[in-house]
Amino acid sequence: MAFYETVFVLRQDLTSQQVEDISKDFKKILSDGKAKLLKEENWGLRSLAYKINKNKKGHYVLLETEAPASAIAEFERKLGLNENVLRFMTIKLDKPSEGPSPILSQKDTKDERK
């Protein structure tokens with residue numbers, strides 16, 4: 001099995017509970033496909049580089065998995081069908097990442113400065 005990292009962006013008008021529920025549904029799709037979840041990060045509501053379907057912001061979620069290609073294919077198919085998902089991107093990794101993502105590391109250093 002290979003390592004994959006997927007980041008998806010959800011609509012800005014969703015509540016944090018709805019974002020958690022959608023993430024839980026997608027994690028179930030992965031686990032049904034024999035994938036192992038290595039990391040999950042909710043980056044929160046962030047500004048988009050450009051408007052997508054009249055949204056200026058979006059809820060970002062990162063999932064890092066060890067999965068067969070068939071599980072990732074089904075996962076991406078479901079992401080594309082979900083009307084709450086604005087964009088998603090999956091990349092194949094050589095090895096799993098260690099520690100928090102750069103986005104969360106950057107957030108932590110900003111919090112420390114305040």
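Just so you know, all these numbers are worked out from the coordinates, no wet-lab data involved. Please read these numbers as outputs of a predicted model, since none were measured by experiment. Cβ atoms come from the backbone with ideal geometry, glycine included; neighbour counts cover every protein chain shown.
Structure notes:
- Filtered residues of segment 20-63 (kept if aromatic (Phe, Trp, Tyr) and farther than 22 Å from Ser101 by Cα): Tyr50
- Only one of the listed residues (Arg77, Arg46, Arg87) is over 28 Å from Met1 (Cβ atoms) and not in a loop (DSSP other than H, G, I, E, B). That residue is Arg46.
- Odd one out for Thr65 among (1) closer than 13 Å to Gly33 by Cα; (2) without any contact (Cβ under 8 Å) to a residue 24 or more places away in the chain: (2)
- Lys56 assigned to a strand (DSSP E or B) and touching an Asp or Glu at 6+ places or on another chain (Cβ under 9 Å): no
- Contact map, segment 5-31: residues that are under 14 Å from His59 (Cα atoms) paired with residues that are surrounded by fewer than 16 Cβ atoms within 10 Å (Cβ to Cβ) and among the acidic types (Asp, Glu), Cβ distance under 8 Å, separation 6+ or inter-chain. Pairs shown: Ser23/Glu40.
- Selection count where residues are in a strand (DSSP E or B), out of contact with any Pro (no Cβ under 9 Å at 6 or more places or on another chain) and within 25 Å of Leu93 (Cβ to Cβ), scope segment 6-43: 10
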